[in-house]
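The values are calculated or read from the model by the stated rules, or taken from the named source; none is laboratory data. Only a predicted model underlies this, so the values are computations on that prediction, with no experimental measurement involved. Cβ coordinates were reconstructed from backbone atoms using ideal geometry, including for glycine residues, and neighbour counts include every protein chain displayed. Areas reflect the complete protein model, heavy atoms only, side chains present, ligands, DNA and RNA absent. Shrake-Rupley method; radii C 1.70, N 1.55, O 1.52, S 1.80 Å.
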Amino acid sequence: RTAARVVDAVKVYGGGDTAVRALDGVSVAFPAGCFTAIMGPSGSGKSTLMHCAAGLDTLSAGAAYIGDTELGSLDDRRLTLLRRDRVGFVFQAFNLVPTLTVRENITLPLDLAGRKGDQEWVEALIDVVGLRDRLHHRPSELSGGQQQRVAVARAFAGQPDVVFADEPTGNLDSRSGEEVLGLLGRTVRHTARTVVMVTHDPVAAAHADEVVFLADGRLVDRMTAPTAERVL
Ligand code: ADP
Ligand code: ADP
């Protein structure tokens, strides 16, 4: 089963002489239950691929799917609902709500959707990320690593089809980064959920089950973990 995929994806920014072809015919499937890393040099199109696959941005040509839903077939309202209810996000900058407690931040996607969610799932997540004794703290009272662990729990709270993570360790020291990556990997393995992570860091990519490589807006290689670990 495929949690998300893009087919013949093309993304052009701008027009005329200054147009940039950020994606130049990329087809890639993200298997359900798999932790996939997207790697490549700066400017190779990693963020663009993630944003288009996640419905944060639209393709110029080709198609992007979450499950069987083609994102281009949705109007803005339906796209917003799909992102809210079926997709989770982890960003480099944590993006927590400063006025809410840890618990409120974690359940925010459910609260916004007016969903009760699966309480056992949420409690299990809180334990997996190791923040049970911080539930009433605000983000400013936490370390960067702890804040990103809240963001990971929030991303999974609504049991999304796929969680997209954009350089999730970019603002963390290496030890906190390792913790967050281990957490992402464990959450995928224990829950059979899907993670797609953009990173330029080989150490981060080594936590993934599969690594896809972009260069100049094209997919140039794809390897499963044992090979990836050997090469990296
Ligand atoms: P990466 O994430 O691998 O660093 P990006 O997807 O951010 O790559 O960028 C791919 C290419 O598209 C780069 O040449 C970048 O300058 C360009 N690009 C990205 N976003 C925009 C934008 N909003 N407007 C114009 N060009 C952009
Ligand atoms: P970058 O990693 O390139 O700095 P940003 O964190 O600025 O990316 O976010 C990139 C895109 O994702 C923007 O279009 C922004 O509006 C959107 N975005 C940022 N945070 C969230 C969020 N929590 N939920 C949904 N979309 C978000």
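In table form, for the structure just shown:
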{"quantity": "The stretch 4-56: number of residues that are under 28 Å from R189 (Cβ atoms), outside any strand (DSSP E or B) and open to solvent by 40 Å² or more (accessible area, probe 1.4 Å)", "calculated": "3"}
{"quantity": "First in the stretch 86-98 and of a type in the set (S, T, N, Q), second anywhere and near ligand 2 (Cβ under 9 Å from one of its atoms) and not in a loop (DSSP other than H, G, I, E, B), Cβ under 8 Å, 6 or more apart", "calculated": "Q92/D166; N95/F89; N95/A151"}
{"quantity": "Answer residue from the stretch 166-197, given it is in contact with a Gly (Cβ under 9 Å, 6 or more places away or on another chain) and under 17 Å from P41 (Cα atoms) and is nearest to ligand 2 (Cβ to nearest atom) among those", "calculated": "G170"}
{"quantity": "Where a residue in the stretch 41-60 is within 13 Å of V196 (Cβ to Cβ) and more than 8 Å from ligand 1 (Cβ to nearest atom) and its partner, wherever it lies, is modelled with pLDDT of 95 or more and open to solvent by 70 Å² or more (accessible area, probe 1.4 Å), with Cβ under 6 Å and at least six apart", "calculated": "none"}
{"quantity": "Test result for R103, open to solvent by 60 Å² or more (accessible area, probe 1.4 Å), away from ligand 1 (no atom under 16 Å from the Cβ), assigned to a helix (DSSP H, G or I) and not acidic (D, E)", "calculated": "yes"}
{"quantity": "Residues (closer than 25 Å to D57 by Cα, polar (S, T, N, Q) and open to solvent by less than 10 Å² (accessible area, probe 1.4 Å)) located in the stretch 152-202", "calculated": "T194, T199"}
